[in-house]
There are 4 protein chains.
Amino acid sequence: MLVVMQAHATEEQVRAVCERIEALGYKAHPIPGSTRTAIGITGNTGSIDIGTLESMPGVVECIPVSKPYKLVSRDAKEDATVVRIPARAPASPGEERRPDKNPHDARTAAAKDAVLIGGGNVAIIAGPCAIESLEQALAIAERVRAAGARLFRGGAYKPRTSPYSFQGLGEPALKILAEVRERYGLGIVTEAVDNESLDLVEEYADVIQIGARNMQNFSLLKRAGRSRKPVLLKRGMSATLDEFLMAAEYILAEGNYNVILCERGVRTFSDFTRNTLDLSVIPAVQRRSHLPILVDPSHGTGRRHKVLPLSRAAVAAGADGLLVEVHHEPDRALSDGMQSILPDEFQQLMREVRQIAAVLNRTVN
Amino acid sequence: MLVVMQAHATEEQVRAVCERIEALGYKAHPIPGSTRTAIGITGNTGSIDIGTLESMPGVVECIPVSKPYKLVSRDAKEDATVVRIPARAPASPGEERRPDKNPHDARTAAAKDAVLIGGGNVAIIAGPCAIESLEQALAIAERVRAAGARLFRGGAYKPRTSPYSFQGLGEPALKILAEVRERYGLGIVTEAVDNESLDLVEEYADVIQIGARNMQNFSLLKRAGRSRKPVLLKRGMSATLDEFLMAAEYILAEGNYNVILCERGVRTFSDFTRNTLDLSVIPAVQRRSHLPILVDPSHGTGRRHKVLPLSRAAVAAGADGLLVEVHHEPDRALSDGMQSILPDEFQQLMREVRQIAAVLNRTVN
Amino acid sequence: MLVVMQAHATEEQVRAVCERIEALGYKAHPIPGSTRTAIGITGNTGSIDIGTLESMPGVVECIPVSKPYKLVSRDAKEDATVVRIPARAPASPGEERRPDKNPHDARTAAAKDAVLIGGGNVAIIAGPCAIESLEQALAIAERVRAAGARLFRGGAYKPRTSPYSFQGLGEPALKILAEVRERYGLGIVTEAVDNESLDLVEEYADVIQIGARNMQNFSLLKRAGRSRKPVLLKRGMSATLDEFLMAAEYILAEGNYNVILCERGVRTFSDFTRNTLDLSVIPAVQRRSHLPILVDPSHGTGRRHKVLPLSRAAVAAGADGLLVEVHHEPDRALSDGMQSILPDEFQQLMREVRQIAAVLNRTVN
Amino acid sequence: MLVVMQAHATEEQVRAVCERIEALGYKAHPIPGSTRTAIGITGNTGSIDIGTLESMPGVVECIPVSKPYKLVSRDAKEDATVVRIPARAPASPGEERRPDKNPHDARTAAAKDAVLIGGGNVAIIAGPCAIESLEQALAIAERVRAAGARLFRGGAYKPRTSPYSFQGLGEPALKILAEVRERYGLGIVTEAVDNESLDLVEEYADVIQIGARNMQNFSLLKRAGRSRKPVLLKRGMSATLDEFLMAAEYILAEGNYNVILCERGVRTFSDFTRNTLDLSVIPAVQRRSHLPILVDPSHGTGRRHKVLPLSRAAVAAGADGLLVEVHHEPDRALSDGMQSILPDEFQQLMREVRQIAAVLNRTVN
């Protein structure tokens, strides 16, 4: 159920409706939009008596939502969600600056120190599959930063098919990531694999990643929903679109609205790639949901030489960004070397992706 | 790496080899077989100097294992694993007793109060999708017991696609399940969804179920591996056979060798069933692994009228048992009513499955 | 659209309705059932004025059919279709005879020289993947006949992925098959791959097989529909159930109602079998259609050691028969040796499948 | 087996090698490249005595080809195949002309009246799913021509899942297509569904399309291989990459080297699109084969609003062109209206696709 407020509804009116909803034993989720606020109601097992709500001041109407998801829906929020991640703006003379599209925008100054994802802002997250050492992390961070990336990825906790494979360095890797942020001003994205690691990731990182294997680890989703940090949620290997959006709904339902979706390939009969990258999901998500959607061409293809063409394709299809594995010595990587691109290839990727984003009137920041 | 001991190797010799392995910084897993013991070595990231091990008393040879899984492999243990679950034997005159195939077997007496799974023993686990109330649980337990089932299933924690769907009663449901065991002597199988619920399930139930969505929740698998209770591990919706066996390997690698695998359908393009039940996995598992494998025809098909034919098919293909949803009022079930069969249908299922098991010289117990 | 006739409607009344339908510019398909006849109407692009038909003598009602298929539907014909294939009855003393379930049935005598498929009759079709020589064909035919098979398969035209693979002997193989029938009285099933080969197959064989790759070769389906010989139609590698039934509908719509469906595995991500055998399709087909459905466990699994368990499973699930590859020297077979079973294994298959069919009150003939 | 000739080998030397190959009972396929010629040998069932060939004048070496495909392989022909389709160049002042990249190229003049596909040339084929009438065809042709398309598609023979659906107008549609070419100078692409229709399509059209359902209709592939017209071969719904290339190999093996591949989506569990468009196949094909590869975003997604984003993505991924359904009145289309875009949307598509092709240094012609 959604309660749609009038465009000129006051904050008091919104608060009063929320209080009434809570008094009825449900949970209220005020969702501010550019013109008006909607209030999502969750926690109801049966039908709600909408009469009392519809007669309250400032309320336009109550809309029963037939789709299984509510808060992630475009019905709940017409405007695209723009997630802001703290990251230092590129400053050195040789580096491109994000053009200020609207210099009078009050948010511009702050935005210089934040990367935006969604709503026309394309963000590139780059780095190694796993953090292996401080030297490795700094070497790669320097290079991706030089190429224009403002967000850095690197696994501290690695979900591995085999119990005998390298499982990540754990907290020491998180400290390395914090050092990368300190030195290069890059925003940090890293994966949590259970509640314990999420506590630590939340402390050190800027974005909490939930991996494909945990997309329906509902206990972990709820915990991420109680965090204040943005969450990057990857699509499960065989998740339908509804399941994907419902997994995001778990996070929003707990109060965390800063969710970034990420397509990373699905499992099919097709055997020449590690997974089948399903780029059609981009326009499909954008029709149904206000959340931004990234693409991971590294896991999505599993082959270095396919990362560049599929990165271009993802941005051309309208993705709000990319999550790319870059390694300066891929042949020596402890995991996923086969699908990591070299720093030089990443530079080319940034160049081409900027040009393609421009065709869609979008900006890579 | 596997160290194969001589048939007449003493316990001291086995212990000595294990100590040497641990001294080298690895983990030793002695795996007793019917004729001889093998010792699995895990924890090695590189190659092991096998010279010192091969020269120890009682050692036949050291075998490098090329397959990604070790402890679950037939190489490690030739004999089928038989999992024993405490459950009272059927006693009332009208009920069939499991025929004692070998009356001189010393384990026979104990076996009467245990259900065996694997090695020619076919076990049927039946009950509702979710525990809804004590009345519901008892009503169904009475009926499935009367039909010959000795193991009872029922969800206390339900992983649901939607955060707004019924998520299970939690601990109160576990108390109801304990009551079912008390009254009817049925062994209890129920799902844990995170470390917290696993602590409780371990306390109340006889078998800890790990669901398909958590098959690669490695944190949960490790926790289950540290439990003393048998673990029923369901195949993930798009898990390859290797991934399925590797998930089991996570549990064995922590020291819990009582793992029961369960096929529950995989996700394909095919749209007339909820999932595509992949019965070929039965002979495939049996070739590669010593672990027993069950089939869940309820989730595997998602349709009531397909449960009976596919139950027969599973046992005919050589499954070590079934996990079946039974509800006395399926139309009023809080979840999965569409795929639950009625007690009368379950009675027919037991009858037909017994006859088919006999064709394979197997016994339903 | 279906016109349902009264139970006591005369042949003249049925004919009159058909003539009216044809006069309206449509095609009439009288479908006799055990109690009454239904008349399918095809060829209508829009809606039909049912008034004139419903008022005709002998007509009970006109039913608009919402499902995309009409003639293959259970709505059109309640009773299971039983396809009869000429084949000599087993005569030597050591061989089992099909028990005459109803000795007063006028059709019994003829049935002794025909194999029935469908309606409780389970038929086993066995033989090599491809006909390689007269010696090979006779050697295998003798053995499968001795094990109780009454229908023989063997490819004369082989659709092969590579243009450089053995493509079958063509007409000489058809002559060999005719010789097999002459000597052993086995009914012959062989594949046609285009209109040209269908002309020849129709001349030599008893059943025309349409392979999975040609399931939607509509030109070939129409040609098969104009034949008088029964057609065995294999499910395409990624065919949905509706597409499978619609492919059969193409054949029936041309006037050939003797269609036998065959599940042979579908393509999924699962990589330990050549295809994923989808046994749930058996009860699904039986609910929707009156046509018999076989299972091909050889292509369905692609591995010799899985053929036996999956053959048992197929019959246990209710399949109306099996299509099995048998070769006396599989390692020397020109195609598909890996999935062919040995004559001894086939004997065991026949024995076990008879026992399982009996559990379902069905007879292997 | 490939025989690689010296760069300066004479035509006589090439011919002599071919004659020797034919004398040995095989088939020789001379494949001219930019620097040297290779000669493919097909028809050999066993190994070939390469000694006699390697010692012939002009021969560099003989390479056994391990991949199942030979003639379609990059090993056989390093340079990308460029298929030329006769089509009048855009002439009206408002229309863009393909820039002449190399004015001294002798082929430039002719190229103005030919559309090139492959080797940096991106071609757009547009038109309705099915030809419904002359008026419809001309209306759409005029609009797609105005937007810059030089190739026109439109079905005369439609393979339809249901025998009761519109199956195309047949030869009258081919005559309409010929009229479209006459009036607008557009090259004509249309589908053949069997040998009979192929005879007619070959007569009227410029490119013979083989549809996804017929990708392994080997009889039809061989017939297409004996045609002089280029063949557009669509990937089957569940074809692996090897199967796709082997299907093309059937055509080349008969002597027709002008094959254009086309990805049109594969069948997966994913249910929000009609098929899952597998864009990773583009770099995968380009690595293995010299043949050009197009993308059909209309069938690949099945939804109008996804055609534009996925068209951009396809070209960004490096596709050699697009096959797009355009209809001026999609709601009234006899087939596939849901996935046809409007002429205005097509105009936008052309504009955006040109810009993206430029990022890859490619030209839309």
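With respect to A:I282, is the statement that it is within 16 Å of the chain's Cα centre (by Cα) and at the interface with another protein chain (Cβ under 9 Å from one of its Cβ atoms) true?
When the stated conditions are applied, A:I282 passes them.
Within segment B:8-52, track down each residue that is assigned to a helix (DSSP H, G or I) and at pLDDT below 85.
B:G51, B:T52 - these are the residues of segment B:8-52 that are assigned to a helix (DSSP H, G or I) and at pLDDT below 85.
Which one is nearest to the chain's Cα centre (by Cα), of the residues in segment D:170-216 that are within 14 Å of chain C (Cβ to nearest Cβ) and more than 18 Å from D:R228 (Cα to Cα)?
My answer is D:G211.
Assess whether D:A87 counts as being within 29 Å of D:D336 (Cβ to Cβ), at pLDDT 95 or above, within 20 Å of the chain's Cα centre (by Cα) and open to solvent by less than 20 Å² (accessible area, probe 1.4 Å).
Against the criterion (within 29 Å of D:D336 (Cβ to Cβ), at pLDDT 95 or above, within 20 Å of the chain's Cα centre (by Cα) and open to solvent by less than 20 Å² (accessible area, probe 1.4 Å)), D:A87 does not qualify.
In segment A:348-365, how many residues are surrounded by fewer than 18 Cβ atoms within 10 Å (Cβ to Cβ), within 13 Å of chain D (Cβ to nearest Cβ) and touching a residue at least 12 places away in the same chain (Cβ under 8 Å)?
2
Of the residues that sit in segment B:226-247 and are facing chain A (nearest Cβ under 9 Å) and more than 22 Å from B:T161 (Cβ to Cβ), which one is nearest to the chain's Cα centre (by Cα)?
Ranking the qualifying residues of segment B:226-247, first place goes to B:M246.
So B:K158 passes all but one of these: (1) surrounded by fewer than 24 Cβ atoms within 10 Å (Cβ to Cβ); (2) within 20 Å of the chain's Cα centre (by Cα); (3) farther than 26 Å from A:P68 by Cα. Which condition number does it fail?
Just one mismatch for B:K158, condition (3).
Does segment D:120-129 contain any residue that is open to solvent by 10 Å² or more (accessible area, probe 1.4 Å) and at pLDDT below 95? Walk me through how you get there before you give the answer.
Pass one, segment D:120-129, residues open to solvent by 10 Å² or more (accessible area, probe 1.4 Å): D:120-121.
Going one step further and asking which of them are at pLDDT below 95, we end up with D:120.
Scanning segment D:120-129, I find at least one residue that is open to solvent by 10 Å² or more (accessible area, probe 1.4 Å) and at pLDDT below 95, so the answer is yes.
Scan segment A:290-303 and report the pairs whose first residue is modelled with pLDDT of 95 or more and whose second residue is basic (K, R) and in a helix (DSSP H, G or I), with Cβ atoms within less than 8 Å and a gap of 6+ or a chain change.
From segment A:290-303, the pairs are A:P297/A:K306.
Using the structure shown, decide if D:A137 is touching a Gly at 6+ places or on another chain (Cβ under 7 Å), farther than 19 Å from D:L294 by Cβ, free of Cβ contacts under 8 Å to residues at least 60 places away in the same chain and open to solvent by less than 10 Å² (accessible area, probe 1.4 Å).
yes
Scanning segment D:63-82 for residues that are open to solvent by less than 10 Å² (accessible area, probe 1.4 Å) and at pLDDT below 90, which turns out nearest to the other protein chains (Cβ to nearest Cβ)?
Applying the filter and picking the extreme gives D:Y69.
Please specify each residue of segment C:306-347 satisfying the condition of being open to solvent by 10 Å² or more (accessible area, probe 1.4 Å), within 14 Å of another protein chain (Cβ to nearest Cβ) and part of a helix (DSSP H, G or I).
Passing the criteria: C:L308, C:P309, C:R312, C:E345.
Give the number of residues within segment D:249-279 that are touching a strand residue (DSSP E or B) at 6+ places or on another chain (Cβ under 6 Å), facing another protein chain (nearest Cβ under 8 Å) and more than 25 Å from D:G302 (Cα to Cα).
Of the residues in that region, 1 qualify.
Kindly indicate the residue of segment C:252-271 that is of a type in the set (G, A, S) and at pLDDT below 95 and also farthest from C:A123 (Cα to Cα) among those meeting that condition. Walk me through it before giving the result.
From segment C:252-271, those of a type in the set (G, A, S) are C:253, C:255, C:265, C:270; that's our starting set.
Filter once more, so that each one left must be at pLDDT below 95: C:253, C:255, C:270.
Details: C:A253: 25, C:G255: 24, C:S270: 29 Å.
Only one residue tops the list, namely C:S270.
Could you check segment C:285-305 and list, in sequence order, the residues that are assigned to a loop (DSSP other than H, G, I, E, B), open to solvent by less than 10 Å² (accessible area, probe 1.4 Å) and within 12 Å of another protein chain (Cβ to nearest Cβ)?
C:G302
The values are calculated or read from the model by the stated rules, or taken from the named source; none is laboratory data. The model shown is predicted, which means the values in this text are computed figures rather than measured ones. Please note: Cβ atoms are built from the backbone with ideal geometry, for glycine as well, and neighbour counts cover all protein chains shown. We work out accessible area using only protein heavy atoms, side chains counted, and drop any ligands, DNA or RNA first. Shrake-Rupley method; radii C 1.70, N 1.55, O 1.52, S 1.80 Å.
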